[in-house]
Amino acid sequence: MFDVQNLSSGYGDVQVLSDLTFGIGNEVLAVLGANGAGKTTLLKTLAKVLPLRAGALEWDGQQVTHTPAHELSNRGIAYVPQEGNVFPNLSVAENLSLGALVGTRPKDERLDEVYTLFPRLAERKDQRAGSLSGGEGQMLAVGRALMQDPKLLLLDEPSAGLSPLYVDTLFQTIAEAREKRGLAIILAEQNAKKTMEIADRVLVLSLGRMHLLEEAKSLSMKRLMQAYHI
Ligand code: ATP
């Protein structure tokens, strides 16, 4: 469904990602790796927030290598960056409504679904997004992306800074959203243990290269940890 061929990217003179090739279908693909391995850079490049240096992207059988970010979101790819994805001065409901600018299903239908997935957001729908806790803010960012009715969700470290309870809730919701909607999800994470619980396949990056790409169920934590320290 989404194909990445020989992708390279970076910032200025610094090349961060080199020659990555992989595909993703209806699954949760976890992108793991040590600090600085290139996880965020990969998601930014896939979302077209950062240009490719080399390589090609294909989505639903069509080349999207040069397709701009806003066009990708119209075509069903939603991106949740690590932070700064909510408008602090707007309410929870207003933030969610902005997500519904993309797609055709009635807004209220989508709002109901997101409130069912995240009851906490329903309780706080009139609250300013800027006054939410860190965990609630992450839920709102994911909820807003789901409002776009995406087919592919790019999630950058959604568990960053969250307490274990919030991480559990968030990951359960991600797994549930995927189950119910047949979503494809690329999930970049530091939290390897939790991520392994919901991942179908795991891609480990090491210094911007693909070190390992395997089915999650056949990968032991020991091998995964070894892959981190290459
Ligand atoms: P973390 O788990 O710590 O968030 P990561 O795997 O997401 O790390 P990236 O944020 O993609 O890693 O960073 C990969 C490399 O790119 C790092 O060496 C980082 O210093 C570098 N880098 C990131 N952003 C920039 C930037 N704007 N300009 C220059 N170098 C950058």
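The values are calculated or read from the model by the stated rules, or taken from the named source; none is laboratory data. Here the structure is a predicted model, which means the values were calculated and not measured. All Cβ positions, glycine included, derive from the backbone under ideal geometry; neighbour counts span all protein chains shown. For accessibility, only protein heavy atoms count, side chains too; no ligands or nucleic acids. Shrake-Rupley method; radii C 1.70, N 1.55, O 1.52, S 1.80 Å.
One residue alone among 66, 70 is at pLDDT below 95, more than 9 Å from the ligand (Cβ to nearest atom) and farther than 16 Å from residue 152 by Cα, and that residue is 66. The set of residues from the stretch 133-181 being more than 24 Å from residue 105 (Cβ to Cβ), more than 16 Å from the ligand (Cβ to nearest atom) and in contact with a Lys or Arg (Cβ under 7 Å, 6 or more places away or on another chain) comprises 136, 171.
For the stretch 4-16, taking the residues that are open to solvent by 20 Å² or more (accessible area, probe 1.4 Å) and out of contact with any helix residue (DSSP H, G or I) (no Cβ under 6 Å at 6 or more places or on another chain), the one that is farthest from the ligand (Cβ to nearest atom) is identified as 5.
Taking (1) closer than 30 Å to residue 205 by Cα; (2) away from the ligand (no atom under 16 Å from the Cβ); (3) free of Cβ contacts under 8 Å to residues at least 60 places away in the same chain; (4) not charged (D, E, K, R) in turn, residue 59 satisfies each apart from (3). Going through the stretch 108-119 one residue at a time, which ones are out of contact with any Leu (no Cβ under 7 Å at 6 or more places or on another chain) and without any contact (Cβ under 8 Å) to a residue 24 or more places away in the chain? Result: 108, 109, 112, 116, 119. The single condition from (1) in a loop (DSSP other than H, G, I, E, B); (2) within 16 Å of the ligand (Cβ to nearest atom); (3) at pLDDT 95 or above that residue 89 fails is (2).
The residues of the stretch 17-49 that are near the ligand (Cβ under 9 Å from one of its atoms) and open to solvent by 30 Å² or more (accessible area, probe 1.4 Å), listed by number, are 34, 35, 36, 40, 44.
Counting the residues of the stretch 50-84 that are in a strand (DSSP E or B) and open to solvent by less than 40 Å² (accessible area, probe 1.4 Å) gives 7. Just name the residue that is farthest from the chain's Cα centre (by Cα) out of those in the stretch 215-230 that are open to solvent by less than 70 Å² (accessible area, probe 1.4 Å) and over 21 Å from residue 36 (Cα atoms). Only one residue fits best here, namely 220. Restricting the stretch 170-197 to residues that are open to solvent by less than 10 Å² (accessible area, probe 1.4 Å) and not in a helix (DSSP H, G or I) leaves a set whose member that is modelled with the lowest pLDDT is 183.
Annotation: of all residues in the stretch 114-169 being more than 13 Å from the chain's Cα centre (by Cα) and basic (Lys, Arg), the one that is surrounded by the fewest Cβ atoms within 10 Å (Cβ to Cβ) is 125.
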